[in-house]
Amino acid sequence: MSTPALLEVRDVSVAYPIWGGIFRRRVGEGRAVDHVSFTLHKGETLGLVGESGCGKSTLAKTIIALLRHTVPGVRYEGQILFHRPDGSVVDLLALTPRQMRPMRSEIQMIFQDPFSSLNPRMTVAEIVEAPLRVRRVKGRRAIVRDLLARVGLDPDEQMGRYPHEFSGGQRQRIGIARALALRPELVIADEPVSALDVSVQSQVINLLVELQREFDLTLLFVAHDLSVVEYMSDRIAVMYLGRIVELGNADAVYQTPGHPYTQALVSSVPVPDPNVDRSNRIQIKGEIPTPLNRPTGCPFRTRCNIARPSCADTVPELEPTPTGQLVACLFPPGGQMERPPAEA
Amino acid sequence: MQTKDPDQKAGGASTEGKKSLSLFQLRLRRFRRLKRGYYSFLLLLGLYILSFFLPFLMNNRALVVRYNGTYYFPALASYLHETFGYYERLGFFKDTVLSPQTFGIDSVLARTDYRKLQTDFAARGGDDFVLMPPIPYHPNEQFLDLGENPPNAPSRLHLMGTDDRGRDVFVRLAYGFRISMTFALIVTVISYLIGTLVGACLGYFGGWLDLIGLRLVEIWGAIPFLYTVIILCSLLEPSFLLLTLILSAFGWLGICYYIRGEFYREKSRDYVGAAIATGERDTTIIARYILPNALTPIIAFAPFAIVANILALVGLDFLGFGLPAPTPSWGELIGQGKANIREWHLVVFPLLVMFFTLQLVVFIGEAVREAFDPKVFSRLR
Amino acid sequence: MTMQTQTHDSPAHAATANPGPLLEVRDLKTYFRTEAGISKAVDGVSFEVLPGEILGIVGESGSGKSVACLSVLRLIPDPPGYIAGGEIRYRGEPLLEKSYAQMRAIRGNEIAMIFQEPMTALNPVFTIGMQVMETLRRHQRLSRRAARERAVEMLDAVKIPDARKRMKDYPHQFSGGMLQRVMIAIALCCNPRLLIADEPTTALDVTTQSQILDLMLELKARRDDASILLVTHDLGVVAETCDRVVVMYGGKVQEVGSATRIFGQPRHPYTHGLLASLPSRHRKGDGPLYTIPGNVPSALDMPTGCKFCTRCDRVFDRCRLEEPPLHRLPDGSAVRCHLLEEEAR
């Protein structure tokens, strides 16, 4: 990582309140994100993978400060240091909504659901123009035109249309154009292709890769589809129950996963090839615990095949492994999973 | 990944060459296609517009009087006065009550009886004439010379008979229509405005504001409406303005709950998140992003709110806590029907007119709901 | 996992034991009336499910795969949908001519179905136990006690831990994966011959998905002549489970063949493109992913010729004018493409 850091997430925790009693008092809290730290370097793509409920979307929305508006009473800890283009460093978690507003042009988001992420009452031109209008940019129409053409839409034909006239893939392109309108430094893509059809998914992935190069973007790519993340990302962080259990180069994490959870995750992905031998697949048992009944010690120990009694005592920290990634496991399985590379 | 909603896809069809329609325009188009509701709407709108010209249609003042080469417009003068009379101090539209002496008739009365003038002029011959409105009666005018004691049964002169004070029922119903509709429209608009404003704030900001605000709304909603109205109306002189304020003050609660719920739902959708992420201000997000999407259910509900408000006014008038005495009102006529149950015309006509009007509004309501929130009744077979 | 290999070559064996197909769909047409005209969601689809096989129907949204399967059980909401033509034969009997009551007897008893969203498919106000028992009692006329015992057995069979205790729980107390297990238990209550699974794992996480798929394969292995019709958009899931695959696009069957053939040697340009555009099949550093250009056309304005002609990279004039027939290839598979006309002869 020769490039400088753009975003440093330091020991961040996000706890949702649990209301109870007649007066709706806070009776407890569920930690959706639990002491997460990582650094995002300029120009790289970090893939954030995990299953539903692992806290990956919460983390993404915490960085861009969306939760404060929609969910009251959420408690945050830690620091999210953002290195602004002018050289100053701000802690995004410490900002008030008003102070956050100037940062908005530097951090943008691409949403998962192309159907709910566009205001059905606005035309495409209005949707893409909105961020420019907020910043009072001049010559907006021309910029909107360029952006729409860049993401593969026809500005003349489609600028005045409404979202309901577009297919899912086209809507996602509109969402991408909106996110790029202000030339942000950091784009958080929250499952941008998981709602799309296979044949459209690859179009959008290619578009994102091209645009990243062209606009010199730093991407935080949140997804549950490992094969997409592996294709898109330079590095991958695997989350389980609010914690990062493995972090490393995409190839290393995907080919030689170090954490038992990552191993199970990688081997669970269905391979589109009937001839692949599935007999040595690693299955994990049971169900993901909710953040409310989080196990003591290692969060994964209740479902881990190689858990030992002592796993209940200490919370494992990320430690480097021989294959080069960081793994949060007290007894990392020595022999790596023998997974035949998909393309072999 | 689902093929379960082909309707959705129909909307999403690439309509090459066709003009792009917003959701609202699409719904408007769908509303126009629902003939029963659309024609009801046109009919009611027409009648309502027509009702503003009632002083020229049903009045005991002449439209035009020509006397000694001079033209007089008594109905217009009184209409302008009634409509814009509050500017009197500015000198506009004085109610020029023309005394009989104006037309060379020796009488002690202050006002001219134009119907009599008409027959006089006709009998005298010459160039003078009086042009009366099609129905030459005023809603508050009493006809006590019809032979028997009022109420009088329908006759050729009074198509729906007269009420217990000898006033023409048809004319009073017509004027009552204007008052009922105006009242219901104003109350609906005011309660929608208040309800939307309060509901939007509670729903969007949430948290403590919502917690406390909602409790206040609930307390307000727990005040018994009818008692309050009865008490207020016995303390204060009931007037159109007072009744409008009272009904609006209680009418916005339902809208507030609705809008609050819609805001809660809409604000968790991604387009609001996207708006926040672009740095839009809260007021912009409320007004430009969420509100247009949140209004759908209450727009579909509006005709039914109008029905409810018409009925509320009728109910208050019926109970005697409504508009002050000489005002032509449906509720008062229905009350007369109850008091004179043997006089069929006092029972049948007011109820028929009210039924007809409400039915029109309900037809409109059905069509609006169908256009805004279509539900197909389908079954699996 | 020995049953894995077993299922892969069992259809041939099963087919000889019982010659006719279990389910035969011929030229099925299911249309929807919309404001903008008639939407031909399924337009002349034919396929058959052989006894003992797992048949996968793959396609993207709008391909008509779900509608085709719902049509088999006549679960098309009417209006706006209706079956405009075709024939559906289950063990030789025409399903489209059955009365409502006869259909009800077939649903659940003979053909069972599991849906994409287990959360919405179960009634939230009844306990899981009651819902399983209800199915058992309705279809099998068991006593209360017997139904309860059988329900516990069923929940055990789908590997719900502590089944007896969890009978008293309500759907919201279960996770998505567990609910899908309950749905499978309900579907299998009456030992159906055919299980239609409409995107059964789409709403689930990968690790849960692989558990559910393994469960389905395991249960299937217990009964040799039972068949599964698996509808999905996920090519990986199909490759892992299915013996034969039907590829649908634009309301039509585009390619039919054994799973090994389809994934090893896709013949239709669409199938080829779908597989090539998967990131997991892509070699890193090979440049951008392969893409199929354009968007899925709406069912209202399908191209006149081949449904795929607007996006195909091997399109020629004839494709736009004339829809190719489903060419039967010597190896038993079929492809709807003009390019294979020669080979089909």
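The values are calculated or read from the model by the stated rules, or taken from the named source; none is laboratory data. Small disclaimer: the values here were computed from a predicted structure and weren't measured. FYI the Cβ positions are ideal-geometry reconstructions off the backbone, even for glycines, and counts take in every protein chain you see. Just the protein is used for accessible areas: all its heavy atoms, side chains included, with ligands, DNA and RNA removed. Shrake-Rupley method; radii C 1.70, N 1.55, O 1.52, S 1.80 Å.
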| Whole-Hz couplings from phi, Karplus 6.51/-1.76/1.60, listed for region A:138-147; x for Gly and Pro | 8, x, 5, 4, 5, 5, 4, 4, 4, 4
| remark: Total charge of the residues flanking B:Cys256 in space, meaning their Cβ is under 12 Å from its Cβ, with Lys and Arg +1 and Asp and Glu -1, is -2
| said: If you fit an axis through the alpha-carbon atoms of helix B:114-124 and take the longest principal axis of the Cα set of chain B, what angle between them do you get, 0 to 90°, nearest 10? | reply: 40 degrees
| task | Sort B:354-361, C:310-317 for me by packing, meaning the mean count of neighbouring Cβ atoms within 10 Å per residue, highest on top. | result | B:354-361, C:310-317
| query | Hey, with R₀ at 60 Å, roughly what FRET efficiency would A:Arg98 and A:Val276 work out to, going by the Cβ-Cβ distance, to 0.05? | reply | 0.65
| query | Computed on protein heavy atoms with a 1.4 Å probe, what is the summed buried accessible area for the chain pair A and C, in Å² to the nearest 100? | reply | 3500 Å²
| remark: Averaged over residues of A:50-62, the number of beta carbons from other chains lying within 10 Å of each residue's Cβ is 1
| query | Which residue fluctuates the most in chain B, going by a Gaussian network model with Cα springs under 10 Å, if the choices are B:Gly331, B:Gly147, B:Gly206? | reply | B:Gly147
| task | Rank-order A:185-197, C:318-330 by packing density, defined as the average count of other C-beta atoms within 10 Å over each peptide's residues, highest first. | result | A:185-197, C:318-330
| message | As I understand it, the dipole of chain B uses +1 on the Cβ of Lys and Arg and -1 on the Cβ of Asp and Glu, about the Cα centre. Which of B:Asn149, B:Val64, B:Met181 lies farthest toward its positive end? | response | B:Met181
| request: Please sort by residue number the trypsin sites (Lys or Arg not before Pro) in region B:101-200 whose DSSP state is loop and whose Cβ has at most 10 other Cβ atoms within 10 Å. | output: B:Arg156
| note | Expected max-MSF residue from A:Ile306, A:Ile282, A:Ile205 in the GNM of chain A (alpha carbon, under 10 Å) is A:Ile306
| remark: Averaged over residues of A:284-290, the number of beta carbons from other chains lying within 10 Å of each residue's Cβ is 4
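Rounded to the nearest 0.05, what FRET efficiency do A:His35 and C:Glu149 have when you use their Cβ-Cβ distance and R0 = 35 Å?
Details: r = 48 Å, r/R0 = 1.37.
After rounding to 0.05, the efficiency reads 0.15.
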| What are the ³J(HN,Hα) values, in whole Hz, obtained from phi via the Karplus relation 6.51 cos²θ - 1.76 cosθ + 1.60 with θ = phi - 60°, for each residue of region C:50-57 in sequence order, with x given for Gly and Pro? | 7, x, x, 9, 10, 9, x, 10
| request: Quick one: of C:Lys40/C:Lys65; C:Lys98/C:Lys220; A:Lys61/B:Lys267, which pairs are farther than 24 Å apart, Cα to Cα? | output: C:Lys98/C:Lys220
| field | Taking chain C and dividing mean pair separation by its residue count, relative contact order in percent (alpha carbons under 8 Å, at least six apart) | value | 20 percent
| Tally Lys/Arg at +1 and Asp/Glu at -1 over every other residue whose Cβ is under 12 Å from the Cβ of B:Phe73; what's the total? | +2
| message | For the interface of chains B and A, what total accessible area is buried with a 1.4 Å probe, rounded to the nearest 100 Å²? | response | 3100 Å²
| Alpha carbon centroid spacing (whole Å) that separates region B:215-287 from region C:119-152 | 46 Å
| note | Long-range amide H partners of A:Gly47, meaning residues 5 or more apart or on another chain whose placed amide H is closer than 5 Å, are A:Phe221, A:Asp234, A:Arg235, A:Ile236, A:Ala237
| field | Partners for B:Lys338 among aspartates and glutamates (Cα-Cα distance below 19 Å; same-chain residues under 8 apart left out) | value | B:Asp163, B:Asp164, B:Asp168, B:Asp317
| request: Could you check how many percent of all C-alpha pairs in chain C are farther apart than 31 Å? | output: 36 percent
| message | At 1.4 Å probe size, what's the solvent-accessible area of C:Lys40? Round to the nearest 10 Å². | response | 90 Å²
| message | Give the average, rounded to an integer, of partner chain Cβ atoms located within 10 angstrom of each Cβ in A:201-207. | response | 6
| Ignoring ligands, DNA and RNA, what percent of the accessible area of region C:111-191 is carbon or sulfur (1.4 Å)? | 52 percent
| Partners for A:Lys42 among aspartates and glutamates (Cα-Cα distance below 16 Å; same-chain residues under 8 apart left out) | A:Glu8, A:Asp86, A:Glu106, A:Glu185, A:Glu214, A:Asp216, A:Asp234
| field | Percent carbon-and-sulfur accessible area, chain B, ignoring ligands, DNA and RNA, probe 1.4 Å | value | 65 percent
| query | Highest GNM mean-square fluctuation, chain B, Cα pairs closer than 10 Å: which of B:Phe250, B:Phe318, B:Phe129? | reply | B:Phe129
| field | Apportionment of accessible area to carbon and sulfur, region C:204-318, percent (1.4 Å) | value | 49 percent
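With every protein chain left in place, what is the accessible area per residue of the protein assembly as shown in square angstrom, probe 1.4 Å?
44 Å²
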| Residue-wise, which Karplus ³J(HN,Hα) couplings in Hz belong to region B:324-332, taking 6.51 cos²θ - 1.76 cosθ + 1.60, θ = phi - 60°, and x for glycine or proline? | x, 2, x, 4, x, 9, 5, x, 5
| request: Could you work out how far apart the two model spin labels at B:Phe143 and B:Leu159 are, taking each label as a point 7 Å from the Cα in the direction of the beta carbon, and quote it in nm? | output: 1.2 nm
| field | Inter-probe distance in nm under a simple model that places probes 7 Å from Cα toward Cβ, at B:Leu43 and C:Ser99 | value | 4.4 nm
| note | Sorted by chain and then number, the residues having a modelled amide H within less than 5 Å of the amide H of A:Ile18, at least 5 places away or on another chain, are A:Val27, A:Gly28, A:Glu29, A:Gly30
| query | Between chains B and C, what is the buried accessible area in Å², counting both sides, with a 1.4 Å probe and ligands, DNA and RNA left out, to the nearest 100? | reply | 1900 Å²
| Tell me, what are the semi-axes, in whole angstrom and largest first, of the equivalent ellipsoid of the protein assembly as shown as set by the roots of 5 times the Cα gyration tensor eigenvalues? | 67, 36, 30
